[in-house]
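Asker: Next up is a structure, given as structure tokens.
The values are calculated or read from the model by the stated rules, or taken from the named source; none is laboratory data. Quick caveat, the model's predicted, so the values are computed rather than measured. Positions of Cβ are backbone-derived with ideal geometry, glycine not excepted, and every protein chain shown enters the neighbour counts.
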Amino acid sequence: MASSPKSHRCYHRVMSGLEKGGDFRFLTLTSSSLSPDTVQRDWRRLYMRLQRRGLVRSYIKVPEPSKNGKQHLHVVIEGEYIAQAWISALWLKLHRAAVVDIRRVHSGQGKNGLAMDMAKYMAKKHAYRYSWSWSWVWKGFCKDWRALKRLWRYYNSLADPLTFQDLLRMWRHFLHLKIPDYLHKFLEEWPVPKDWSVLDNM
């Protein structure tokens, strides 16, 4: 299946949250033929209940069309252990669908594979909009990534070239610090051109 700009962005945003660190689980919430067309609202209700119990701190989710014409959700959550039988019963109550899969995300290659799977859903022809909680990385992290990437492009045009892998290593460094203050200070201390538009297509 061909990739798309949307799937590339999804991969990067999933990986950014995973690289920040934490205890992650991959959750699939289905829709049955009896489910109402309110999967997004029902997810918000589920998320609020999980939050109140201290089970989930953040998430990123991708909806996908089901064969029955309804949506089901693929969600990566950061949080505590959740019993499959318990969340299945809760989803049945909220959305009239009992089939729920939840499994822990293992470190290393498992994170990359999970991000690739999430991105694959976004490459489909009729993909829906994906979304995340503010706490998935930090509020405004997409803007910060763009600023860092533009800075990298600018200095690439002036000095010895840095690879994209160098940029990713720098981004992961700031992610591991978990708060954006260090990145913001770094961006402020390096001189940048006033007009970024010439760099956007480099």
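Asker: Of everything in region 28-45, what is hydroxyl-bearing (S, T, Y) and touching a Lys or Arg at 6+ places or on another chain (Cβ under 7 Å)? Give them in sequence order.
Answerer: S31, S32, S35
Conditions (1) more than 27 Å from I179 (Cα to Cα); (2) surrounded by 13 or more Cβ atoms within 10 Å (Cβ to Cβ); (3) at pLDDT below 95; (4) among the small types (G, A, S), marked per residue:
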{"residue": "T30", "(1), (2), (3), (4)": "yes, yes, no, no"}
{"residue": "R45", "(1), (2), (3), (4)": "yes, yes, no, no"}
{"residue": "M48", "(1), (2), (3), (4)": "no, no, no, no"}
{"residue": "S66", "(1), (2), (3), (4)": "yes, yes, yes, yes"}
{"residue": "K70", "(1), (2), (3), (4)": "yes, yes, yes, no"}
{"residue": "L92", "(1), (2), (3), (4)": "yes, yes, no, no"}
{"residue": "R104", "(1), (2), (3), (4)": "no, no, yes, no"}
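Asker: Going by what's in this entry, would G17 be described as in contact with a helix residue (DSSP H, G or I) (Cβ under 8 Å, 6 or more places away or on another chain) and buried (at least 20 other Cβ atoms within 10 Å of the Cβ)?
Answerer: Criteria met by G17.
Asker: Here is a list: I60, I77. Which entry is touching a helix residue (DSSP H, G or I) at 6+ places or on another chain (Cβ under 7 Å) and not in a helix (DSSP H, G or I)? Explain how you work it out, then say what you get.
Answerer: Details: I77 fails: touching a helix residue (DSSP H, G or I) at 6+ places or on another chain (Cβ under 7 Å).
Only one candidate qualifies: I60.
Asker: Follow-up. Polar (S, T, N, Q), touching a strand residue (DSSP E or B) at 6+ places or on another chain (Cβ under 8 Å) and not assigned by TED's automatic domain parsing to the domain that holds R172 - does that describe any residue in region 16-30? Show your work before the answer.
Answerer: Pass one, region 16-30, residues polar (S, T, N, Q): 16, 28, 30.
Then drop every residue that is not touching a strand residue (DSSP E or B) at 6+ places or on another chain (Cβ under 8 Å), which leaves 28, 30.
When the remaining residues are screened for being not assigned by TED's automatic domain parsing to the domain that holds R172, the result is 28, 30.
Yes, region 16-30 has at least one match.
Asker: Could you please find all residues in region 47-105 being aromatic (F, W, Y) and under 13 Å from F26 (Cβ atoms)?
Answerer: Residues of region 47-105 that are aromatic (F, W, Y), as a first pass: 47, 59, 81, 86, 91.
Result: Y59, single match.
Asker: So which residues in region 132-180 are assigned to a loop (DSSP other than H, G, I, E, B), charged (D, E, K, R) and under 25 Å from M118 (Cα atoms)? Can you show your working first?
Answerer: Here is the first cut: in region 132-180, the residues assigned to a loop (DSSP other than H, G, I, E, B) are 133, 137-140, 157-163, 178-180.
Among the residues that remain, those that are also charged (D, E, K, R) are: 139, 160, 178.
K139, K178, listed by residue number.
Asker: Sort out which residues of region 52-87 are out of contact with any strand residue (DSSP E or B) (no Cβ under 8 Å at 6 or more places or on another chain), under 24 Å from C10 (Cβ atoms) and of a type in the set (K, R), and write them in order of number.
Answerer: K67, K70 - these are the residues of region 52-87 that are out of contact with any strand residue (DSSP E or B) (no Cβ under 8 Å at 6 or more places or on another chain), under 24 Å from C10 (Cβ atoms) and of a type in the set (K, R).
Asker: Now, a different point. Of K149, K61, K67, K120, which residue is of a type in the set (K, R) and under 17 Å from Q40 (Cα atoms)? Full working, then the answer.
Answerer: On the way: K149 fails: under 17 Å from Q40 (Cα atoms); K67 fails: under 17 Å from Q40 (Cα atoms); K120 fails: under 17 Å from Q40 (Cα atoms).
Testing whether each residue is of a type in the set (K, R) and under 17 Å from Q40 (Cα atoms) leaves just K61.
Asker: Looking at R129, R45, R49, R103 in this structure, which one is in contact (Cβ under 8 Å) with a residue 24 or more places away in the chain and assigned to a strand (DSSP E or B)? Give the steps one after another, and end with the answer.
Answerer: Numbers: R129 fails: assigned to a strand (DSSP E or B); R45 fails: assigned to a strand (DSSP E or B); R49 fails: assigned to a strand (DSSP E or B).
The match here is R103.
Asker: Quick check on my filter: what residues within region 80-135 are among the charged types (D, E, K, R) and touching a Leu at 6+ places or on another chain (Cβ under 8 Å)?
Answerer: Scanning region 80-135 gives E80, R96, D101, K111.
Asker: Give the number of residues within region 139-183 that are closer than 28 Å to Q51 by Cα and surrounded by 18 or more Cβ atoms within 10 Å (Cβ to Cβ).
Answerer: The total comes to 6.
Asker: Right, next: Looking at (1) out of contact with any strand residue (DSSP E or B) (no Cβ under 7 Å at 6 or more places or on another chain); (2) at pLDDT 95 or above, find the lone condition where S133 falls short.
Answerer: Answer for S133: the failing condition is (1).
Asker: To continue, here is another question. Return only the number of the condition from (1) farther than 30 Å from L168 by Cα; (2) of a type in the set (G, A, S); (3) within 16 Å of the chain's Cα centre (by Cα) that A83 does not satisfy.
Answerer: (3) is the only condition that A83 fails.
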